[in-house]
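Some notes on the structure that comes next.
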Amino acid sequence: MPEAAPLSRPILAGVVTALVGFTSSFAVVLTGLDAVGANAAQAASGLLAASLTMGLACVVLAWRYRMPITVAWSTPGAALLVATGTVEGGWPAAVGAFLVTAALILLTALWPALGALIARIPPSIAQAMLAGVLLPLCLAPITGIVANPWGVVPVVLTWLVFARLAPRWAVPLAFVAAAVVVAVSLVGVSAIGEGAPFDPALLLPRLEFTAPTFTVGALVGLALPLFIVTMASQNVPGVAIMRSFGYEVPWRPAMLVTGVGTALGATAGGHAINLAAISAALAASPDADPDPKRRWVAGVSTGASYLVLAVFSAAFAALVVLAPTAVIPAVAGLALFAAFGSSVQQAIDEPGERIPAVVTLLVAASGIAVLGVSAAFWALLAGLLVRTVLHTPRP
């Protein structure tokens with residue numbers, strides 16, 4: 001009988017899962033919160049709230065069900081915030097939209113018909129909407145090279161080298177390169193005596209609560225697309241990835257936990273948490289532990305690691321505030337390359353779905369806002385309309 005792997009192996013797998021998940025996408029989260037109206041303190045609070053709630057959700061689900069279930073913030077959802085921009089009612093209305101998103105996730109757990117309705121949205125349309133949302137963000141590394149070549153080129157080159165040598169670490173190490181760029185720029189500014197003195201209080205994590213308001217534009221243009229993107233791009237693929245490793249995620253409890261977590265974090269600025277998708281494999285694969293019955297330890301370790309990272313959330317947020325022009329958007333764009341490529345592939349995979357998918361993608365990427373409602377919602381309607389017209393049999 002082969003000797004069991006040491007318990008340190010799944011624990012380390014969980015630490016790696018959290019580090020990769022956090023450092024590869026926190027810039028997207030901060031950029032998204034800023035786009036919908038959060039100030040620096042509110043965005044840092046949102047990062048802290050999301051880190052705490054997803055960490056606790058990992059621990060609860062993995063411990064209770066003895067599976068390597070991991071939870072993450074909605075990275076596609078954060079990208080949606082960037083594409084949406086300020087909504088009617090500003091930051092308080094965005095917080096209200098986060099609460100409505102939480103209610104919809106909880107309703108999915110309690111009312112299976114809602115989940116069935118979301119499942120009826122053609123995957124090509126949902127993925128095309130996501131691709132359109134991601135496209136402007138994915139252009140940031142390219143435009144950044146022109147806007148600030150000395151700051152962005154080292155980040156892009158670091159990403160490219162490690163995309164070849166160690167793909168899992170390409171984006172985290174691109175962030176490390178960005179941190180070096182920030183440090184060098186701060187030293188330069190200090191040497192010539194420019195810039196305001198740095199306030200150490202910015203490094204202390206703190207929750208900033210906002211009373212929510214509810215507007216039609218925020219509910220239709222932000223809450224509904226955020227819910228659809230979170231379900232279609234995170235929860236459903238997350239279940240499929242876990243199933244590929246032999247784990248059947250308990251759907252209703254998972255939605256209840258992530259829905260409650262989203263609700264708890266919403267007024268502090270947390271936009272949404274959900275089942276992890278791509279990073280789920282890091283804790284659920286045989287690399288975490290040869291014994292499938294022990295991999296749940298990696299799920300608990302992931303959650304504990306997120307809780308530790310939450311302590312440093314304010315420092316990460318301060319780094320973003322201090323970064324030179326275009327550096328952090330470039331990191332955020334690099335972090336979304338894989339998601340954009342996957343979305344485009346799934347959107348146009350079926351020849352008969354390509355035209356509706358292309359229309360959906362272009363409308364979402366246009367950034368138009370009609371009647372105070374963001375482009376993501378109109379992209380969904382446009383894609384479904386074109387698909388209905390093209391697929392309706394001729395009389």
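The values are calculated or read from the model by the stated rules, or taken from the named source; none is laboratory data. All values reported here derive from a predicted model rather than from experimental measurement. In this analysis, Cβ positions are derived from the backbone assuming ideal geometry, glycine residues included, and neighbour counts consider all displayed protein chains. Only protein heavy atoms, including side chains, enter the accessible area calculation; ligands, DNA and RNA are left aside. Shrake-Rupley method; radii C 1.70, N 1.55, O 1.52, S 1.80 Å.
Taking the numbered list (1) open to solvent by 20 Å² or more (accessible area, probe 1.4 Å); (2) outside any helix (DSSP H, G or I); (3) within 29 Å of E208 (Cβ to Cβ) in turn, V87 passes all entries but (1). For segment 58-88, filtering for residues that are within 12 Å of G14 (Cβ to Cβ) and among the polar types (S, T, N, Q) leaves 1.
Among the residues of segment 56-79, those identified as buried (at least 24 other Cβ atoms within 10 Å of the Cβ), part of a helix (DSSP H, G or I) and either modelled with pLDDT of 95 or more or over 17 Å from the mean Cα position of the chain (by Cα) (or both) are A57, C58, L61, A62.
To keep it simple, each residue is scored yes or no on (1) modelled with pLDDT of 90 or more; (2) open to solvent by less than 10 Å² (accessible area, probe 1.4 Å); (3) of a type in the set (S, T, N, Q); (4) at negative phi.
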residue: F98; (1), (2), (3), (4): yes, yes, no, yes
residue: I105; (1), (2), (3), (4): yes, yes, no, yes
residue: L110; (1), (2), (3), (4): no, no, no, yes
residue: L114; (1), (2), (3), (4): no, no, no, yes
residue: Q127; (1), (2), (3), (4): no, no, yes, yes
residue: T143; (1), (2), (3), (4): yes, no, yes, yes
residue: V187; (1), (2), (3), (4): no, no, no, yes
residue: P200; (1), (2), (3), (4): no, no, no, yes
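Yes/no per residue for (1) modelled with pLDDT of 90 or more; (2) hydrophobic (A, V, I, L, M, F, W, C); (3) closer than 22 Å to L47 by Cβ; (4) touching a strand residue (DSSP E or B) at 6+ places or on another chain (Cβ under 7 Å):
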{"position": "A280", "(1), (2), (3), (4)": "no, yes, yes, no"}
{"position": "A283", "(1), (2), (3), (4)": "no, yes, yes, no"}
{"position": "A288", "(1), (2), (3), (4)": "no, yes, no, no"}
{"position": "A298", "(1), (2), (3), (4)": "yes, yes, no, no"}
{"position": "T302", "(1), (2), (3), (4)": "yes, no, yes, no"}
{"position": "V308", "(1), (2), (3), (4)": "yes, yes, yes, no"}
{"position": "L319", "(1), (2), (3), (4)": "no, yes, yes, no"}
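Number of residues in segment 340-358 that are within 23 Å of A35 (Cα to Cα) and open to solvent by 30 Å² or more (accessible area, probe 1.4 Å) equals 1. In the condition set (1) buried (at least 18 other Cβ atoms within 10 Å of the Cβ); (2) more than 26 Å from A40 (Cβ to Cβ); (3) over 22 Å from the mean Cα position of the chain (by Cα); (4) not hydrophobic (A, V, I, L, M, F, W, C), G238 is compliant with all but (3).
Of the residues examined, R206 is not one that is modelled with pLDDT under 95 and buried (at least 17 other Cβ atoms within 10 Å of the Cβ).
For segment 359-375, a tally of residues being open to solvent by 70 Å² or more (accessible area, probe 1.4 Å) and either outside any helix (DSSP H, G or I) or under 13 Å from G221 (Cα atoms) (or both) returns 3. Annotation: of all residues in segment 282-331 being more than 30 Å from I145 (Cβ to Cβ) and aromatic (F, W, Y), the one that is most open to solvent (accessible area, probe 1.4 Å) is W296. Selection over segment 320-341 of residues that are assigned to a helix (DSSP H, G or I), in contact (Cβ under 8 Å) with a residue 12 or more places away in the chain and of a type outside the set (A, V, I, L, M) gives a count of 4.
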